[in-house]
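*Asks:* Pasting a structure here, questions to come.
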Amino acid sequence: MSKDNDLKPDEIRKIIWGLSVRRSRLAKKLYTPSQMIEGCIHKIYKKCGNPKCYCKDGKKHGPYWALSKKTGGKTKIAYISDTGTIKKAFAYKKYNKDLARLRKVNEKIFYWLRIIRDKNTSVYEK
Ligand SMILES: [Zn+2]
């Protein structure tokens, strides 16, 4: 982006500093995770199959929590009910989200560092 190239080195350093603060905050959280359970947590609503039940045409039963996990190309789903397990599944989801955030912050830092590099680099000419 040409607009980013127009920024002054001090402005770029300020941006990188801000990103670094975000990165260390994220990393600190990631260093000490709580206990987690692998899988993808879903909220599920179901019909029970009873033709006289309200769920036949209307509101379904639920929500129920379920954990899905891919193993060997197949997705397995397990219903979970205890809050401890649900909490651990959410912690796993959150951890992965924070990992993705960390990657994005790193990419931004790299982006700005490359701009600084290019600003300070000239072509060698004999
Ligand atoms: Zn029903």
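Each value in this text was obtained by applying a stated rule to the coordinates, not by laboratory testing. In this text the structure is predicted, and so the values were computed from the model without any measurement. Here the Cβ is made from the backbone with ideal geometry for all residues, glycine too, and neighbour counts use every protein chain on show.
*Asks:* Which entries of 3/119; 29/88; 88/108; 29/69; 46/76; 29/76 have Cα-Cα distances beyond 19 Å here?
*Replies:* With Cα atoms farther than 19 Å apart: 88/108; 29/69; 29/76.
*Asks:* Calculate for the chain the 222 nm mean residue ellipticity that helices alone would give, adding -39,500 (n - 2.57) per DSSP H run of length 4 or more and normalising by residue count, nearest 500 deg cm²/dmol.
*Replies:* So the calculated ellipticity at 222 nm is -17500 deg cm²/dmol.
*Asks:* Loop-only check: which chymotrypsin sites (Phe, Trp or Tyr not before Pro) in the range 63-126 are DSSP coil with at most 11 other Cβ within 10 angstrom?
*Replies:* The qualifying sites are 124.
*Asks:* Between 86, 116, 16, which gets the highest mean-square fluctuation from a Gaussian network model of the chain, Cα cutoff 10 Å?
*Replies:* Result for the chain, Cα springs under 10 Å: 116 fluctuates most.
*Asks:* Of 96, 50, 106, which has the largest mean-square fluctuation in a 10 Å C-alpha GNM of the chain?
*Replies:* Between 96, 50, 106, it is 50 that shows the largest mean-square fluctuation.
*Asks:* Rounded if a/c is under 1.5, else prolate if a/b is larger than b/c, else oblate: which is the range 48-87, with a ≥ b ≥ c the root eigenvalues of its Cα gyration tensor?
*Replies:* Because a/c hits 1.5 or more and a/b fails to exceed b/c, the range 48-87 counts as oblate.
*Asks:* Name the shape class, rounded, prolate or oblate, that the alpha-carbon gyration tensor gives for the range 1-93, where a ≥ b ≥ c are the square roots of its eigenvalues, rounded holds for a/c under 1.5, and otherwise prolate holds if a/b is larger than b/c and oblate otherwise.
*Replies:* Prolate.
*Asks:* Considering the dipole of the chain built from charges on the beta carbon (Lys and Arg +1, Asp and Glu -1) around the Cα centre, which of 63, 105, 123 is farthest to its positive end?
*Replies:* Farthest towards the positive pole: 63.
*Asks:* Further question on the same structure: Taking the Cα centre as origin and putting +1 on Lys and Arg beta-carbons and -1 on Asp and Glu beta-carbons, what dipole magnitude results for the range 12-80, to the nearest 20 debye?
*Replies:* 240 debye
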